[in-house]
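Worksheet for the structure shown next.
Derivation of every value follows stated rules applied to the coordinates shown; laboratory data play no part. What you see is a predicted model; the values in this text were computed from it and never measured. Positions of Cβ are backbone-derived with ideal geometry, glycine not excepted, and every protein chain shown enters the neighbour counts.
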Amino acid sequence: MNSFILGIQASLLAGLATFVGALPVVLTQKLSQRAITVLLGFGGGVMLAATAFSLIIPGTEVALAKGFSNPVAALVMAIGLTIGGAFLAVAHRLFPHEHFVKGKDGSSNLARVWLFIIAIALHNFPEGLAVGVSFGGDNVQQGIITAIGISLQNMPEGLIVAVSLVAEGYTVAYALGISLLTALVEPIGGVIGVSVVSLAQFILPWALAFAAGAMLFVICDEIIPETHQRGKEHEGTIGIIAGFLVMMVLDIAFS
């Protein structure tokens, strides 16, 4: 099976991890603020490590392998990362959404459920892009590691989304349906990432840097601030470190 098909399948499976993570809402429909903070932090830590070990370092190695000097490779990664971060910054301004803890971001008359959907979509798209780009470079092993890491990040996020929706008065079945719907955003990013890189291999270092910038924006603008709300900074920090360690071990041990 070629890397293109694998990339699409992996991004779909990583997205579906959001739905799998939401399934425990059938058994427990309430989470403490401490638990939510730790879970969000864990997801942020996984994304942070994936940004460094699965995107920036491989992107730099690809740039060097293409004959770029160290300074030029660094410049390519810096420019790509900046563009990726700017892209997500613009998307966040254009699309109002609902944070798990601090509430609404942007003015909108949309129901909170749709604001939650937009928020998760803004998270999942760059994650799917990262998985797709990783496979697009024909580095299947790195792509698998990235997909596993993103799946680990999506599972606690799925549970938090489902619990939040139930707390808003929606049924468990409806909450699970929304989790499944948001999961399908990720393979869209995956298809775009793997397609672009597969068609033009010279774009790979730029695409890896772009995905890294998009992920870094989500981490810094959304996840870390969320973990530091309502006096739960310590729990959030523990979650971030734990998630970072898990993803770091995966990358170093199996890449």
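Details
- Neighbourhood net charge (14 Å Cβ-Cβ; Lys/Arg +1, Asp/Glu -1) for GLY84: -2
- Mean Cα-pair separation over length for the chain, i.e. relative contact order, pairs under 8 Å, 6 or more apart, %: 44
- Counting only alpha carbon atoms, the long axis of helix 3-22 and the longest principal axis of the chain meet at about 20°.
- Residues PHE95 and LEU184, FRET efficiency given R0 of 25 Å [Cβ-Cβ distance, rounded to 0.05]: 0.90
- Estimated distance in nm for a label pair at SER69 and LEU23, the labels positioned 7 Å out from Cα along Cα-to-Cβ: 5.4
- On Cα atoms only, tilt of 112-136 relative to the major axis of the chain in degrees: 20
- The chain - charge dipole about Cα centre, Lys and Arg +1 at Cβ, Asp and Glu -1, debye rounded to 20: 280
- Nearest 10 degrees, 0 to 90: helix 185-199 Cα axis against the chain principal axis: 10
- LEU245 paired with SER32, simple spin-label distance in nm, labels 7 Å along Cα-to-beta-carbon: 2.0
- Each of ILE79 and GLN201 was given a label point 7 Å from its Cα along the Cα-to-Cβ line. The distance between the two points is 2.2 nm.
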